[in-house]
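Only the coordinates and a few stated rules stand behind these numbers; no lab work does. No experiment lies behind these values; they were computed from the predicted model shown. Note that we place each Cβ from the backbone using ideal geometry, even for glycine, and neighbour counts take in every protein chain shown.
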Amino acid sequence: MERRPTPPSNRAEAHAVPQGSYTAAVTVDERGAVTGWSDGARLLLGYPPAEILGRDAALLLAEPGTDAWREAAAGPRWSGTAALRHRDGHRLDREVLVHRRPSGERSGGTEWRVVSAVTGPAAATDRALGEWAFDQSPCVAAVFDDGLRLVLASVGMQHSLSLTEATMRGLRLTDIAPYEGGGEAESGMRRILDGGAPEDVHLRLDPADPEHDWHGRLAPLTDHEGQVRAVTLTAHADPAEQLVWRRMLLLSDAGVRIGTSSDIQRTARELADVVVPAFADACAVDLLDAPRPGATAADGRALRRAAVRAAPQGPPLAHPSGDVLHCPPWSPGGRCLSEGRGAVYASDDEIVTRWAREDPPAAAWIRESRTHSLMVVPLRAAGTTFGVALFGRNLRSEPFDPDDLWLAEQLAARTAVSIQGAERAQRQHTTTMTLQRSLLPQTLPEQAALDIATRYLPSVSQAGVGGDWFDVIPLSGTRVALVVGDVVGHGMRAAATMGRVRTAVRTLADVDLPPDELLSHLDDLVVHLSAEEASADNAEDSAGGVGTTCLYGVYDPVTRRLTVARAGHPPPAVVASGTVRFLDVPAGPPLGLGGLPFESFETELPEGSLIALYTNGLLEPRDHDIDEALDKMFGALARPAQNLDALCDRVLKTMLTHRPDDDIALLLARTRALHADRVATWELPFDLAAVADARKQATDQLIAWHLEEAAFITELIVSEMVTNAFRYGRPPVRLRLIHDDRTLTCEVFDSSNTAPHMRRAHTYDEGGRGLLLVGQLTQRWGTRHATTGKTVWAEQFLAEH
């Protein structure tokens, strides 16, 4: 805002902003960028507009990660102390007011306007302004000292009573207005002087209108040390209008405070908090419970007390939250449920007395609190009844009236709508969680290359479950693929997209593509998914997975080498020889952008090394920055653990002080190695006569491994695969046998890129039966291509000894 000019020296001078005062105003868009910068902001923080406009607003904060700023971004308005950073680096603690409003730049967008007042030296007349405001106020207001005698009276009170302040000064209220309510008001003044809370009173101040009561408010007047020195009285001459105003304020308050979460119990408590003590002296919210087995309509309904609250001055209510209550069909609650409408009862009504007599536990609070007026309304929305709300008055003298019943029904309806939305959100969350968990690996596959432990934590945000996932995929040659990924968005659509992407990864992994090529094909798939959804009616709800991140790595226990590529995903951490480090994997772009390359990184790991794969939710806790988060994760990974499951739990416990705002997938793998005594390799001369030698070498090796029972099938496999390599491949030809605890793998390499294909031979065909035979004799077989050449492999499951 602009600096205000110095006002002229006249009667208005006392009301002008002191010289040197100005308002600093900043506008921030949805991206967190500064879009508006006033001259006052320049004076306060030192940045010229050209230097700050368009930059991240976090630059202006000395403490950008505080919870207060998350609250400021979430609500319609926020105020408090902000730690700002001046352009020269020093810290400024300023009181700020933040307004959330529609964006002026983009239709449907949002922006935040942050303002802070900077004032000059206080004027000598500041205290006089307050005195003048009280003296000249048109409202009825007065101050009574600790002897309950009038000290000050506003112009409004003098006009209302047709008495001057000089006439009333030194008199007590019962002397000034010796009518109904004066004595009770003085009793309230004594309680306030003794440390009591503010009170509402009803007075008759005008003798010319004996039927007209005034609504008054008594409040303490304290000194700088907090000691009560006097009592203020304010009164309104039109209580009916004030009553309507208070009811409208209550409805407005309910619209903000009820239904702030998807927790049904919390929603019920919010209703009780809103109405007590502003509307009722006691409130209980009872929700329908599951029917008892064998129960009939004549038995009534079971209600579970979801919330209960009583005014601080009144006795506590019986049946704390969580108790299950029996609700007979003839009781106030039973009739409310069956008729679907509310009702008001006096404490001596027949239905209430019968309820108290025949069901003492449920109605005990009415007797114990001496409730004289009871109101019961249904919690009903869209034709569905969720329970009842009971309101009682025992401290107020006036009973509930039809207008109160209308207000209670409005409050109950708002609560029911929130409960219905909460139930719908819970069902949707449960469905999404079920889908998400069904798409994640249910059990980890058996393999000999790695010891593995995993964890998945869903978020607790209102956005719902996200699309994080992990996978472990056995590959040929005892190799294993490790995958983690994060689909953008939350909810059902993100979970479904995750399932499609994960299925595509498994399909591409089965082709045995290198990590960088696999991510390139996966990128094409996400581009196609995005194009499909862009033409759908609900395109605005999804980007088809654009922005999805993924990390894909392959570990070979024979060579102990790990090959990794990533698409916009955090790099893996490795613990080897007591040192924790990130692997320097090139940072590829997120999936769905199309046409951009990915690069692989390869490294050799000592046996027993630890590999940690994770999604970014693990590194985004709310209470510390990214560097601190990395230090914590490295420290947790470096310390020895009894097993990988214990290490997973330690990492999560170290990183998280609360349930995460984003999903977290964590995969830890400890490397094993297949040593030379488990691997046998032979270079074969490029001659069909070498097939017999290959069979003999394979058989001798199986005898050395004590696997004689697998010799016959292995001879057939070696014979067929080596023969094909000599007939259709190119030199060099290499035979390799790999033996782990579960499988025996036979591999034949040649430098040709022509892949074999299984076909069905006809009756008089001389060939075409070999691969069919291999497929029948083994559990799996396939081909994987390298930069030059290919490897044909076949895998047998070994019988347990």
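Quick look at the values:
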| read-out | value |
| --- | --- |
| Sum of side-chain charges, residue 522 neighbourhood, beta-carbon under 14 Å (Lys, Arg +1; Asp, Glu -1) | -3 |
| Sequence-distant residues sharing a close amide H with residue 615 (under 5 Å, placed H) | 665 |
| Under-5 Å amide H pairs with residue 84, H placed in peptide plane, nonlocal only | 62, 92, 93, 94 |
| Inter-label distance for residue 145 and residue 643, nm, one decimal - labels placed 7 Å from Cα along Cα-to-Cβ | 8.1 nm |
| For the stretch 505-518, Karplus couplings with θ = phi - 60° (6.51, -1.76, 1.60), whole Hz, Gly/Pro x | 4, 5, 5, 5, 5, 5, 6, 6, 7, x, x, 5, 5, 4 |
| Where labels lie 7 Å past Cα in the beta-carbon direction, separation of residue 627 and residue 349 in nm | 6.8 nm |
| Gain upon complete extension [residue 444, residue 410; 0.36 nm per residue less C-alpha separation] | 6.9 nm |
| Fully extended contour minus Cα-Cα distance, from residue 132 to residue 677, at 0.36 nm per residue | 186.3 nm |
| Proximal lysines to residue 632, defined as alpha-carbon separation beneath 25 angstrom and excluding residues fewer than eight positions away on the same chain | 653 |
| Cα-projected label distance for residue 799 with residue 424, points at 7 Å along beta-carbon direction, nm | 6.2 nm |
| Spherically averaged projected area in nm², based on the convex hull that wraps the Cα atoms of the stretch 126-237 | 6.7 nm² |
| The stretch 676-797: Cα Rg divided by the 2.2 N^0.38 Å rule of thumb | 1.01 |
| FRET E, pair residue 500, residue 620, Förster distance 25 Å, beta-carbon r, rounded to 0.05 | 0.50 |
| 3J(HN,Hα) from dihedral phi, the stretch 591-596, Karplus parametrisation 6.51/-1.76/1.60, rounded to Hz, x for glycine, proline | 6, x, 7, x, x, 9 |
| Highest-first arrangement of 726-733, 562-569, where packing means the average Cβ count within 10 Å | 562-569, 726-733 |
| Length gained when the stretch residue 53-residue 313 is fully extended (0.36 nm per residue, less Cα-Cα span) | 88.2 nm |
| Peptides 574-580, 170-176, 283-289 ordered by average Cβ neighbours within 10 Å, highest first | 283-289, 170-176, 574-580 |
| Computed Rg/Rh of the stretch 440-671, alpha carbon atoms with Kirkwood Rh | 0.95 |
| Long-range amide H partners of residue 752 with built H, under 5 Å | 730, 790 |
| Karplus (6.51, -1.76, 1.60) ³J(HN,Hα), θ = phi - 60°, over the stretch 250-265, in Hz, Gly and Pro reported as x | 5, 5, 5, 4, 5, x, 8, 9, 9, x, 7, 8, 8, 8, 5, 4 |
| Burial order of peptide ranges 91-98, 605-612, 131-138 (average beta-carbon count within 10 Å, highest first) | 605-612, 91-98, 131-138 |
| Around residue 172: net Lys/Arg minus Asp/Glu count, Cβ-Cβ under 14 Å | -2 |
